[in-house]
Structures are given as structure tokens and as C-alpha cells.
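A short reminder: the numbers here are calculations on the coordinates, not readings from a lab. Bear in mind the structure is a predicted one, so any value in this text is a computation, not a measurement. Positions of Cβ are backbone-derived with ideal geometry, glycine not excepted, and every protein chain shown enters the neighbour counts.
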Amino acid sequence: MTSRSEDYIKRMSDALRSGAKMLQETCPVCSSPLFSIRGEMWCLKCNKRVVKVSELDEVGEASIPYLLASISNTIYSKIEELNILLQRATEPEEIMKISNTLESLLRLIRESRRIAQEFRQET
Ligand SMILES: [Zn+2]
């Protein structure tokens with residue numbers, strides 16, 4: 001057994017212990033069963049949140065916090081990438097460009113958190 005699948009099994013048993021439910025839906029990436037954890041859909045194999053686009057359309061505004069969370073995840077991974085680029089950058093112009101992008105991304109995260117919070121307070 002690879003350590004990867006051991007991780008998966010561990011995550012699965014941890015999730016089930018903490019009250020997660022296995023869903024009938026499957027992950028669009030790896031086809032593993034999805035789990036409902038605190039009202040969110042997770043693929044424990046990919047270790048990622050799953051947001052179904054078709055459902056987002058149907059439930060409309062209520063899904064905005066989910067969408068925002070998904071956007072935040074994307075931004076976080078971009079920030080990680082930019083951080084690596086910034087470490088390697090030597091040209092002042094390049095450093096400026098990366099810093100500016102980072103600044104916008106950080107602002108975006110703050111903004112999406114704020115909006116998500118407003119939504120939580122309303123519902
Ligand atoms: Zn998956």
C-alpha cells in the first residue's frame with residue numbers, strides 16, 4: 001500500500017469519525033465517493049473541496065460563499081506559485097510585477113472573506 005492511499009484511508013476514517021457522510025456523488029477528477037463535511041462537499045482522495053457548477057446555477061445566491069471559498073483556494077495556490085517566483089526573481093522590474101500581483105491577490109482574498117462573512121450573517 002502506498003503512503004498516498006494510506007493517507008486517503010486515514011482521512012476517510014477521520015472524517016467519518018467526526019460525523020462526515022459519504023455521498024452518492026463522485027469526484028469529477030478521480031471518481032471517488034464524495035463526503036459531506038460540515039455542509040461542504042469534499043473529495044478525500046484529492047483532498048479538495050468539490051463545488052458542482054451545475055448546482056451553483058440552480059441554487060444561485062446561496063452558493064456564493066461556496067464559490068468564494070473555491071476562488072480563495074485558487075488564489076492561495078497562485079500566491080504559493082508567486083512566492084516561488086518572487087524568491088527566484090532578481091530583476092527589480094520583475095520583483096515589482098510579482099509584488100503588485102501578490103498585493104492584488106491578497107486584497108482579493110480579504111474581499112472574498114468579507115463577502116462570505118456578510119452572507120453568513122444574513123442566513
Ligand atoms: Zn477526487
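Where does the chain land on Rg(C-alpha)/(2.2 N^0.38 Å)? Can you show the working numbers first?
Values: Rg = 17.9 Å, N = 123, 2.2 N^0.38 = 13.7 Å.
Taking N as the residue count of the chain, the ratio is 1.31.
A viscosity of 0.890 mPa s and a temperature of 25 °C, combined with the Kirkwood radius over C-alpha pairs in the Stokes-Einstein formula, give the stretch 56-122 a diffusion coefficient of 185 µm²/s. Residue farthest toward the positive end of the dipole of the chain, with Cβ of Lys/Arg at +1 and Asp/Glu at -1: which of Leu108, Gln24, Val50? Among Leu108, Gln24, Val50, the one farthest towards the positive end of the dipole of the chain is Gln24. Computed about the Cα centre, the dipole magnitude for the chain is approximately 500 debye when only Lys and Arg (+1) and Asp and Glu (-1) carry charge, each at its Cβ. Straight-line reach from Lys48: which lysines have a Cα under 19 Å away, not including same-chain ones fewer than 8 places off? Result set, ordered by chain and number: Lys10, Lys21, Lys78.
Considering only C-alpha atoms, what is the centroid distance from the stretch 102-123 to the stretch 1-43, in Å? Between the Cα centres of the stretch 102-123 and the stretch 1-43 lies a distance of 27 Å.
Relative contact order of the chain, taken over Cα pairs closer than 8 Å and 6 or more residues apart, is 15 percent.
Each listed q (0.18, 0.27 Å⁻¹) maps to a log10 I(q)/I(0) for the stretch 3-50, found by the Debye formula over equal Cα scatterers with no solvent: -0.45, -1.01.
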